[in-house]
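Report on the following structure.
The values are calculated or read from the model by the stated rules, or taken from the named source; none is laboratory data. Small disclaimer: the values here were computed from a predicted structure and weren't measured. Virtual Cβ from ideal backbone geometry, glycine too; neighbours counted across all protein chains shown. For accessibility, only protein heavy atoms count, side chains too; no ligands or nucleic acids. Shrake-Rupley method; radii C 1.70, N 1.55, O 1.52, S 1.80 Å.
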Amino acid sequence: MLPNTIEKAVGSLPTVVRSGRRVNGLFRLMKAPLLWELAYQKIAPNKGAMTPGVDGETFDGFSPEKVHSIISRLADGTYRPSPVRRVYIPKANGKKRPLGVPTTEDRLVQEVVRTLLEQIYEPLFSQHSHGFRPGRSCHTALEQIRAVWTGVKWLVDVDVVGFFDNIDHDVLLGLLEKRIADQRFIALLRGMLKAGYVENWVFHKTYSGTPQGGVVSPLLANIYLHELDELMEAKVASFNRGGKRAPSVEGRRIMNRLARLRKQVDQLRTDRGEDDPQIASLLDEIGRLKAERMTVPATDAFDPNYRRLRYCRYADDFIIGVVGSKEEARQQMAEVRAFLAEHLKLAVSDEKSGIHKASDGARFLGYEICTTTNRNPHRAIFNGRPTLRRGLADRLKLRVPRDRVVGFVNDRGWGDYDAFRPRQRPALTLSSDVEIVLAFNAEWRGFANYYALADDVKRKLNKGGYFALMSCLKTIAAKHRSSVPKVAARMRVGTDFYVRFKVGDEARAIKIWQLKDLRRDVRTWGGLDTPPSPQFVFSRTEMVERLNARQCERCGNTDQPCEVHHVRRVAEMEYAGLPRYMRAARQRKRVVLCKPCHNAVHAHEPTDKQRRVARSRGEPDALKGASPVRRGAEPRPH
């Protein structure tokens with residue numbers, strides 16, 4: 001198929017879905033090489049490209065011939081997904097999370113499947129779903145909560161037990177068949193789900209769940225929980241009632257009293273003039289009542305005719321907000337629990353789920369979500385003029401949990417948070433000053449940027465910032481066997497600290513990132529409900545163009561099949577000289593080589609040009625057994 005034909009075919013999928021028809025012909029679309037090129041472009045730059053599956057293969061050695069082999073096996077029905085290699089990664093609570101590593105071929109197949117499924121389901125997904133979707137993130141979910149959840153009385157926190165491991169395959173495939181009529185495509189997905197996993201060289205069958213770490217798993221999880229999104233949207237529509245809250249009884253009493261007093265003042269001014277002493281006493285009473293009105297809620301917070309239901313989901317984490325009674329919150333939780341058990345075969349954790357008073361707060365995506373009330377009047381601009389307005393009630397706030405800051409500082413070895421004792425990191429003392437600063441900057445800036453939405457971010461992270469700075473200075477001081485005051489004096493520029501270095505003859509400096517450098521952008525809420533565009537646009541990257549050119553970038557030959565050599569780190573080129581280093585950086589750690597040159601790189605064999613240069617220097621055997629990187633050749637093998 002031609003590129004524009006593929007774009008039209010894939011781009012038409014959202015239109016078909018919106019019309020209510022089931023999609024067909026997906027398996028036929030998978031035969032288009034352009035989709036596989038797009039899949040390679042998305043997967044290959046990631047660090048996981050060099051993580052082997054059960055077959056021990058990585059993306060090193062990728063070639064168009066391998067893609068054609070996969071396509072032909074899909075076409076004749078001989079392709080079979082391989083089991084994933086199970087590894088474990090640590091969780092924040094000290095436990096370990098199972099992670100499945102697919103083979104290189106399976107990752108490409110899953111990425112092509114994911115591309116097609118995204119075009120089908122992205123137009124259907126709810127506005128309340130934020131996980132693993134283009135243009136959405138944890139921050140968009142939290143921003144939406146802060147923007148529209150003000151006034152909630154109860155927070156319903158629901159935790160699903162082992163969601164990814166307990167997805168029912170039959171239920172998931174049934175949901176896919178509601179939108180997809182291509183049975184060969186469904187059979188391919190069934191094979192992926194039933195492929196099993198290998199742990200400690202022992203094969204295990206999979207009867208439920210999708211492997212965490214699989215390319216298509218997050219999208220399948222969203223498809224599975226889309227049923228919950230639809231349920232909650234229906235519940236929101238039926239639960240909500242009332243345009244606004246009724247005025248409070250005390251507020252109405254004060255307003256009625258003010259209206260009568262003002263009417264009396266106007267009557268006295270008409271009958272007796274401005275000098276009547278009774279007018280002054282009435283004006284004093286009006287002033288007292290206006291001050292009292294500022295301390296009284298304007299509306300009835302428990303108006304039975306005003307109800308609102310809020311809902312937000314990120315992957316399998318979701319939270320419900322209720323503007324109503326606690327009994328209504330219990331009812332919502334019971335109905336959600338029953339729906340998950342009956343329709344999605346998922347269980348709810350009794351220990352981690354519960355109903356929380358909004359003023360006490362609940363955890364969601366690592367933030368503390370709670371409402372606060374400030375009854376103190378404040379000055380504000382209303383209708384273009386300054387005025388005194390009453391305090392704000394039940395305003396929703398995002399806060400940084402203290403235990404997250406304590407755990408972050410202690411786990412990274414910056415010191416003892418509670419004892420207020422920063423310490424050096426011995427593991428970094430063998431690194432350069434620049435590497436030390438970059439390591440601290442990456443960790444601290446990433447943590448602070450994640451919590452940038454919190455209303456108390458500067459206050460809660462202030463102590464953590466002190467640990468980050470002092471631990472960094474202590475580590476540099478230990479490296480140079482100096483003292484912290486001397487290192488700080490040498491690095492200080494005003495209130496900042498810099499590490500200076502040179503690139504050639506050019507002097508450069510890197511600043512130690514501090515909390516004062518955190519930028520909290522002013523956000524507007526008007527675009528939150530704008531759905532992300534599922535428009536499909538294909539464009540080849542430079543890497544794919546170089547691969548399709550079929551010219552070896554080492555020897556220049558064009559008569560040999562070419563494949564991609566993946567460089568583990570650009571830093572491996574540090575001894576190759578600046579021109580070759582810059583080329584490695586531009587090529588994003590991948591080089592197109594013919595098969596003989598690729599084998600030669602892995603065997604540490606120099607090129608013919610390097611041999612001639614060595615012989616001209618009288619060193620014919622100098623390159624034998626030496627690392628080609630240090631001689632300006634290709635990077636060392638893996």
Inset, instruction - Output the residues belonging to region 490-509 that are loosely packed, with under 10 Cβ neighbours inside 10 Å and of a type outside the set (S, T, N, Q). - result: GLY494, LYS502, VAL503, GLY504, ASP505, GLU506, ALA507
Inset, instruction - Return the residue satisfying two criteria in turn: it lies in region 339-398 and is among the aromatic types (Phe, Trp, Tyr) and in contact with a helix residue (DSSP H, G or I) (Cβ under 8 Å, 6 or more places away or on another chain), and of such residues it is farthest from PHE164 (Cα to Cα). - result: TYR367
Inset, instruction - Could you please find all residues in region 237-256 being part of a helix (DSSP H, G or I) and either open to solvent by 40 Å² or more (accessible area, probe 1.4 Å) or out of contact with any strand residue (DSSP E or B) (no Cβ under 9 Å at 6 or more places or on another chain) (or both)? - result: ALA237, SER238, VAL249, GLU250, ARG252, ARG253, ILE254, MET255, ASN256
Inset, instruction - Go through ALA234, ALA259 for me and flag whichever is surrounded by fewer than 15 Cβ atoms within 10 Å (Cβ to Cβ), among the aliphatic types (A, V, I, L, M), free of Cβ contacts under 8 Å to residues at least 12 places away in the same chain and under 23 Å from ARG179 (Cα atoms). - result: ALA234
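Which one is farthest from LEU176 (Cα to Cα), of the residues in region 14-57 that are within 26 Å of the chain's Cα centre (by Cα) and hydrophobic (A, V, I, L, M, F, W, C)? Can you show your working first?
Applying the first criterion (within 26 Å of the chain's Cα centre (by Cα)) to region 14-57 yields 14, 35-53.
Remaining after also requiring hydrophobic (A, V, I, L, M, F, W, C): 35-36, 38-39, 43-44, 49-50.
On the way: LEU35: 21, TRP36: 22, LEU38: 24, ALA39: 22, ILE43: 25, ALA44: 28, ALA49: 29, MET50: 32 Å.
Result: MET50.
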Inset, instruction - State whether one or more residues within region 6-18 are surrounded by fewer than 17 Cβ atoms within 10 Å (Cβ to Cβ), modelled with pLDDT under 80 and not aromatic (Phe, Trp, Tyr). - result: no
Legend entry - Checking ARG257 against (1) over 24 Å from VAL87 (Cβ atoms); (2) of a type outside the set (Asp, Glu); (3) at pLDDT 90 or above, the condition it does not meet: (3)
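Quick check on this structure: which one of ALA419, ALA358, ALA442, ALA393 is without any contact (Cβ under 8 Å) to a residue 12 or more places away in the chain and over 22 Å from LYS516 (Cα atoms)? First the steps, then the outcome.
Working: ALA358 fails: without any contact (Cβ under 8 Å) to a residue 12 or more places away in the chain; ALA442 fails: over 22 Å from LYS516 (Cα atoms); ALA393 fails: without any contact (Cβ under 8 Å) to a residue 12 or more places away in the chain.
Of ALA419, ALA358, ALA442, ALA393, the one residue that is without any contact (Cβ under 8 Å) to a residue 12 or more places away in the chain and over 22 Å from LYS516 (Cα atoms) is ALA419.
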Legend entry - Criterion: free of Cβ contacts under 8 Å to residues at least 60 places away in the same chain and not basic (Lys, Arg) - qualifying residue of ALA347, ALA380: ALA380
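With the requirement that a residue be in contact with a Leu (Cβ under 8 Å, 6 or more places away or on another chain) and open to solvent by less than 40 Å² (accessible area, probe 1.4 Å), what does region 213-226 give you? Spell out how you get there, then give the answer.
The initial filter retains those residues of region 213-226 that are in contact with a Leu (Cβ under 8 Å, 6 or more places away or on another chain), namely 213, 216, 219-220, 223-226.
Selection gives VAL216, LEU219, LEU220, ILE223, TYR224, LEU225, HIS226.
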Inset, instruction - Can you work out which of the residues in region 177-206 that are touching a residue at least 60 places away in the same chain (Cβ under 8 Å) and in contact with a Lys or Arg (Cβ under 7 Å, 6 or more places away or on another chain) is most open to solvent (accessible area, probe 1.4 Å)? - result: ARG179
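Sort out for me the strands (runs of 3 or more DSSP E) sitting completely within region 355-460 that have 3 or more residues that are at pLDDT 90 or above. Reasoning before the result, please.
On the way: elements: 362-364, 367-372, 378-382, 385-389, 395-399.
Those strands (runs of 3 or more DSSP E) span 362-364, 367-372, 395-399.
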Legend entry - Residue list for region 95-146, restricted to those being within 15 Å of the chain's Cα centre (by Cα), among the charged types (D, E, K, R) and more than 19 Å from VAL215 (Cα to Cα): GLU143
Legend entry - Any chance ASP168 is among the charged types (D, E, K, R), within 22 Å of the chain's Cα centre (by Cα) and open to solvent by 10 Å² or more (accessible area, probe 1.4 Å): no
Inset, instruction - State which residue is most open to solvent (accessible area, probe 1.4 Å) when the search covers only region 341-354 and only residues that are among the small types (Gly, Ala, Ser) and part of a loop (DSSP other than H, G, I, E, B). - result: ALA347
Inset, instruction - Would you mind stating whether GLU335 is over 30 Å from GLU250 (Cβ atoms), open to solvent by 40 Å² or more (accessible area, probe 1.4 Å) and part of a helix (DSSP H, G or I)? - result: yes
Legend entry - region 273-300, subset part of a loop (DSSP other than H, G, I, E, B) and of a type in the set (A, V, I, L, M), residue nearest to the chain's Cα centre (by Cα): ALA298
Inset, instruction - Identify the single condition in (1) out of contact with any Phe, Trp or Tyr (no Cβ under 7 Å at 6 or more places or on another chain); (2) buried (at least 17 other Cβ atoms within 10 Å of the Cβ); (3) β-branched (Val, Ile, Thr) that THR210 does not satisfy, given that it satisfies every other one. - result: (1)
